[in-house]
Ligand SMILES: NC(=O)c1ccc[n+]([C@@H]2O[C@H](COP(=O)([O-])OP(=O)(O)OC[C@H]3O[C@@H](n4cnc5c(N)ncnc54)[C@H](OP(=O)(O)O)[C@@H]3O)[C@@H](O)[C@H]2O)c1
């Protein structure tokens with residue numbers, strides 16, 4: 001049976017989900033997109049019809065209440081708006097057909113920092129599971145994202161029922177992604193704290209890479225934008241090679257450079273070269289993280305893949 005998936009939002013993640021759920025080889029889904037501007041929702045649906053997307057069917061909903069008969073709803077709006085969208089869904093669903101017991105099987109938001117039960121608490125009285133499906137991916141604002149954007153990429157999923165968790169995992173599989181399972185939490189409050197910690201660290205990694213590359217390029221280029229772009233490209237490629245090493249091997253063996261080699265004289269020269277600049281504290285923070293990594297016990301850990 002073809003599943004109908006409601007998407008709320010028309011931003012970067014909503015567009016990427018629409019593209020990935022209609023990619024070649026995915027099961028056939030019907031997408032129903034609602035956003036607070038109808039033309040923005042229509043543009044997301046249009047992606048599916050334009051030949052950019054290759055499977056399924058998509059249309060825009062004029063009212064969020066139309067999503068009530070979807071099998072699952074993905075709420076892909078700004079984190080600060082998830083609660084308000086939960087309240088809007090509750091009010092639309094309960095005023096449109098009061099007394100009806102038919103609701104989506106699950107309503108999942110795409111934010112990384114909060115559980116579904118927490119962020120969508122307004123919907124707790126409905127007979128629908130609440131959860132989250134978070135792509136651990138840096139999604140930029142491409143108007144027409146690649147259908148394969150999520151292929152081979154990690155997602156964190158959780159939901160209030162086992163069926164809804166399985167459904168979220170199915171959607172991840174349909175997009176070609178895989179699940180990064182968070183450790184079992186002993187209580188709801190521990191699960192909430194764990195999600196925020198997981199997301200803080202994701203931000204540290206994604207924002208860290210981008211800002212370190214940008215700061216290094218800016219420092220090399222002074223005020224020349226062409227020069228800055230040249231160095232952004234160069235340090236960006238360096239970041240890509242370092243990330244490749246992280247994925248290829250484990251432990252401190254993937255560290256390269258003066259700190260890893262124990263060349264303290266060179267580290268001192270680096271620090272002298274950066275002294276008094278905004279990059280000095282960044283270098284020192286990276287140095288201390290690298291030294292912690294180098295001092296970790298080297299016991300063999302099993303490969304989780
Ligand atoms: N971008 C990423 O790398 C990434 C990765 C993983 C997860 N996420 C998560 O995915 C979610 C969406 O992120 P995004 O990057 O797609 O954000 P985005 O590009 O800024 O899009 C946000 C969307 O939310 C809508 N919105 C904002 N306030 C709203 C409200 N009160 N009612 C209804 N709609 C509202 C916006 O509508 P308008 O266009 O009308 O303003 C827009 O369609 C967030 O929870 C984010 O943490 C993002």
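Before moving on, here are some points about what is shown:
- From the list 221, 239, 216, the lone residue that is assigned by TED's automatic domain parsing to the domain that holds residue 285, surrounded by 14 or more Cβ atoms within 10 Å (Cβ to Cβ) and in contact (Cβ under 8 Å) with a residue 40 or more places away in the chain is 216.
- Residue in the range 72-79 that is over 18 Å from residue 139 (Cα atoms), at pLDDT 95 or above and either out of contact with any helix residue (DSSP H, G or I) (no Cβ under 6 Å at 6 or more places or on another chain) or crowded, with 22+ Cβ neighbours inside 10 Å (or both) present: yes
- Residues within the range 14-28 that are crowded, with 22+ Cβ neighbours inside 10 Å and touching a residue at least 60 places away in the same chain (Cβ under 8 Å), tallied: 8
- In the range 139-181, of all residues being under 17 Å from residue 195 (Cα atoms) and within 11 Å of the ligand (Cβ to nearest atom), the one that is surrounded by the most Cβ atoms within 10 Å (Cβ to Cβ) corresponds to 155.
- The set of residues in the range 112-134 that are within 12 Å of the ligand (Cβ to nearest atom) and out of contact with any helix residue (DSSP H, G or I) (no Cβ under 7 Å at 6 or more places or on another chain) comprises 116, 134.
The values are calculated or read from the model by the stated rules, or taken from the named source; none is laboratory data. A quick note: this is a predicted structure, and the numbers were derived from the prediction, not measured. Don't worry about glycine lacking a Cβ; one is built from the backbone with ideal geometry, like all the others, and counts go over all protein chains shown.
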